[in-house]
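Visitor: The structure follows.
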Amino acid sequence: MADGVSKVYGSGDAAVHALRGVSVGFVSGVFTAIMGPSGSGKSTLMHCLAGLDTVSGGRIMLGDVEITGLGDRRLTLLRRDRVGFVFQAFNLLPTLTAEQNIRLPLDLAGRKADAAWFDQVVDVVGLRDRLGHRPGELSGGQQQRVACARALVARPDVIFADEPTGNLDSRSGAEVLGFLRASVREMGQTIVMVTHDPVAASYADRVVFLRDGEIVSEIVQPTPDTVL
Ligand code: ADP
Ligand code: ADP
C-alpha cells in the first residue's frame, strides 16, 4: 500500500517529480493493473511498492509491515519471504531447468515445496511436460510461464509484474495473462501489474491510471470469467 507517496529524482532545476502524493491500496485476491503513458511513474511506483527503491515522502506498507526506512538487509528478507516478481525479460537462470528455476525462491529461503502445491502451480501454468527443459529450449511464452510459476510457488503476499507481456506475441501474452488471472481466481493470489497495453489491462479486476506522477482515475471491471 502507498500512502501519500512522492518520489523525486535529482534536485534543484534538474529535479524530476516522478510521483506526487500517490495513495493506493491492494485488496488481497485482486488483480490490479497500473496503466499510464510512458514516463507517468508506473515503474517508479512499482519499485517503491516492492521496496526496490526508496520514497522521497509518504509511507509504503507491505502487508502489515511499514517498509519505509527499513535497511537493505531487512528489505531483502521481506521481499524474499513476501513478494514475487515477474519481469518483461523473464530473468530465468539459463543453466537451470524449468523445475529448478521454479523451485529457486524456496531453495533460497531454505524452504521445502509443499508437493501438492507445487503440482497445482505446474498444472495451472501448463508446464508439466517441460519441467526438465532449460530456458533456451523453451519459447518466450513458456519461459514467462516458468517465471510466473517461480513467482507463485512460495505463496507471496503479492506478485509484482512489470510489463509481463512486453516481449511476447499476442497469443503467448494471452496465455501468460490467463495464468496470472487463474492464480488470482483459483489460488487467491494478489497481483499488481504495470502495463501500457490495454489488452493486458483488460485481464485485471481493477485498473489504476497514472499521469504525470498522480493517480487520475480508477475503474473496477468485470473480467470475462466474472460475468455470469
Ligand atoms: P513509466 O514507468 O510510467 O514509463 P517511470 O517511473 O519510469 O515511468 O518514470 C517516471 C519519471 O521519472 C520520468 O520522467 C522518468 O524520466 C523519471 N525517472 C525514472 N527513473 C529515473 C532515474 N533513475 N533518474 C532520473 N529520472 C528518472
Ligand atoms: P505456516 O506458518 O504454518 O508455515 P504458512 O502460512 O506458511 O503456514 O502456509 C500456509 C499454507 O501455505 C500451508 O497450508 C502450506 O501448504 C502452504 N505453504 C507454505 N509454505 C509452502 C511452501 N514452501 N511450498 C508450498 N506450499 C507452502
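Visitor: Efficiency by 1/(1 + (r/R0)^6): what FRET value for residue 13 and residue 66, r their Cβ-Cβ distance, R0 = 45 Å, to the nearest 0.05? Before the final figure, lay out the partial values.
Guide: On the way: r = 33 Å, r/R0 = 0.73.
Efficiency, from the Cβ-Cβ distance: 0.85.
Visitor: To continue, here is another question. At a temperature of 37 °C and a viscosity of 0.692 mPa s, determine how fast the chain diffuses translationally according to Stokes-Einstein, using the Kirkwood radius over alpha-carbon pairs as Rh; express D in µm²/s, rounded to the nearest whole number. Mind showing how you got there, number by number?
Guide: Details: Rh = 18.0 Å.
Diffusion coefficient, whole number: 182 µm²/s.
Visitor: Give me the percent relative contact order of the chain, please, defined on Cα pairs under 8 angstrom at least 6 residues apart.
Guide: Details: 433 pairs, mean separation 66.2, N = 228.
The normalised contact order for the chain reaches 29 percent.
Visitor: If packing is taken as the mean number of other Cβ atoms within 10 Å per residue, what is the order of 85-96, 190-201, highest first? It would help to have the intermediate numbers written out before the result.
Guide: Working: 85-96: 15.9, 190-201: 20.9.
Peptide ranking by packing, descending: 190-201, 85-96.
Visitor: Quick check on the chain: helices-only [θ] at 222 nm, where DSSP H runs of length 4 and up contribute -39,500 (n - 2.57) each and the sum goes over total residues. Nearest 500, please.
Guide: Details: 7 runs with 77 residues, N = 228.
Helix-only estimate at 222 nm: -10000 deg cm²/dmol.
Visitor: For the range 1-102, what does the relative contact order come out to in percent, with C-alpha contacts under 8 Å and a separation of six or more? Numbers along the way, then the final one.
Guide: Numbers: 112 pairs, mean separation 25.3, N = 102.
Here the relative contact order equals 25 percent.
Visitor: Take the Cα pairs of the range 121-186, get the Kirkwood Rh, then feed it into Stokes-Einstein at 20 °C and 1.002 mPa s and tell me D in µm²/s. Could the numbers behind the result be given before it?
Guide: Numbers: Rh = 12.1 Å.
After rounding, the answer is 177 µm²/s.
Each value in this text was obtained by applying a stated rule to the coordinates, not by laboratory testing. Computed from a predicted model, the values in this text were never measured in an experiment. All Cβ positions, glycine included, derive from the backbone under ideal geometry; neighbour counts span all protein chains shown.
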